[in-house]
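Let me begin by presenting the structure, written as structure tokens, before commenting on it.
The values are calculated or read from the model by the stated rules, or taken from the named source; none is laboratory data. All values derive from a computational prediction rather than experimental measurement. Don't worry about glycine lacking a Cβ; one is built from the backbone with ideal geometry, like all the others, and counts go over all protein chains shown. Each accessible area value is taken on the protein alone, full model and side chains, heavy atoms only, with ligands, DNA and RNA left out. Shrake-Rupley method; radii C 1.70, N 1.55, O 1.52, S 1.80 Å.
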Amino acid sequence: MAGERAVGLVRELHRATGGNLPPFRTEELRQALEEMRALYEQNQADVSEAKSGRTDLIFLIRFRHCCLLRNQRCILAYLYDRLLRIRALRWEYGSVLPNAIQFHMSAEEVEWFNRYKKSLATYMKSVGGEEGLDLTQDIKPPKSLYIEVRCLRDYGEFEIDDGTTILLKKNSQHFLPRWKCEQLIRQGVLEHILS
């Protein structure tokens, strides 16, 4: 039946729960586009006959045109929803996606993700002064501005905003501004002590 392949793409996305990204269905998309091309060519042939006086073809032409529009909407919805999910993955996983997720993406989607990642990085650098502002750090607002951390290895002196210098030695514990030590946490120098 006309339009089943395109609708199948949308159904598959709808079944993928929790914003998961199902594998890109290149073959199904190609078949849906091929179906659209065939419907368009049939319509072109029937339109020329309808102009010559065969008015009985008008209903069939309109039906095919509605099928074309439906396929177009389904394919655009499929592609747009995948891009929204990929954009959300950037905020969830950061700038490097796990291989299992990249495996489910088409080459064009990987390229789009890389351009989005670069655009976001450029914006974050332009907003926060010298160091930039990492918008991906705290998706949810922190409960406190200071956190207790433990030093996992010798780091040396660490200066905070008010000019105070702290010596970060292995196994020492400190109460520091959250934003100042998050980079060191990612580097494995500090660990957040949950209270």
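Observations on the structure shown:
- Eligible lysines near Lys180 by straight Cα distance, threshold 18 Å, same-chain separation 8 or greater: Lys125, Lys140, Lys143, Lys169
- For the stretch 1-88, with +1 on Lys and Arg beta carbons and -1 on Asp and Glu, the positive-most of Leu39, Leu68, Leu13 along the dipole: Leu13
- Only DSSP H runs of four or more residues enter the estimate; each adds -39500 (n - 2.57), and after division by the residues of the chain the mean residue ellipticity at 222 nm equals -19000 deg cm²/dmol.
- Our summary gives the stretch 1-109 a relative contact order of 38 percent, counting only alpha carbon pairs under 8 angstrom and 6 or more residues apart.
- The chain: angle of helix 107-127 to the longest principal axis, Cα-based, in degrees nearest 10: 40 degrees
- Cut-off 17 Å (backbone N to label point 7 Å along Cα→Cβ of Ser106), residues of the stretch 10-41: 10-14, 21-37
- Given 14 as the ceiling on other Cβ atoms within 10 Å, longest exposed-site-free region of the chain for trypsin sites (Lys or Arg not before Pro) in DSSP loops: 55-142
- In sequence order, calculated HN-Hα J values of the stretch 25-32 (Karplus, 6.51, -1.76, 1.60; Hz; x Gly/Pro): 9, 5, 5, 5, 5, 4, 5, 5
- Net charge in the neighbourhood of Tyr40 (other residues with Cβ under 12 Å of its Cβ; Lys, Arg +1, Asp, Glu -1) is -2.
- In this structure, the amide hydrogen of Tyr146, modeled 1.01 Å from its nitrogen in the peptide plane, lies closer than 5 angstrom to those of Arg178, counting only residues at least 5 positions away or on a different chain.
- Distant-in-sequence amide H partners of Ile166 (H built 1.01 Å from N, under 5 Å): Phe158, Glu159, Ile160
- Area accessible to solvent at Ser144, 1.4 Å probe radius, in Å²: 50 Å²
- 14 Å beta-carbon shell around Gly188, net charge (K/R +1, D/E -1): +1
- Based on C-alpha pairs under 8 angstrom that are at least 6 apart in sequence, the stretch 146-192 has a relative contact order of 49 percent.
- Answer label, with percent of Cα pairs over 23 Å apart calculated from the coordinates and candidates [x] 41; [y] 64; [z] 58: [y]
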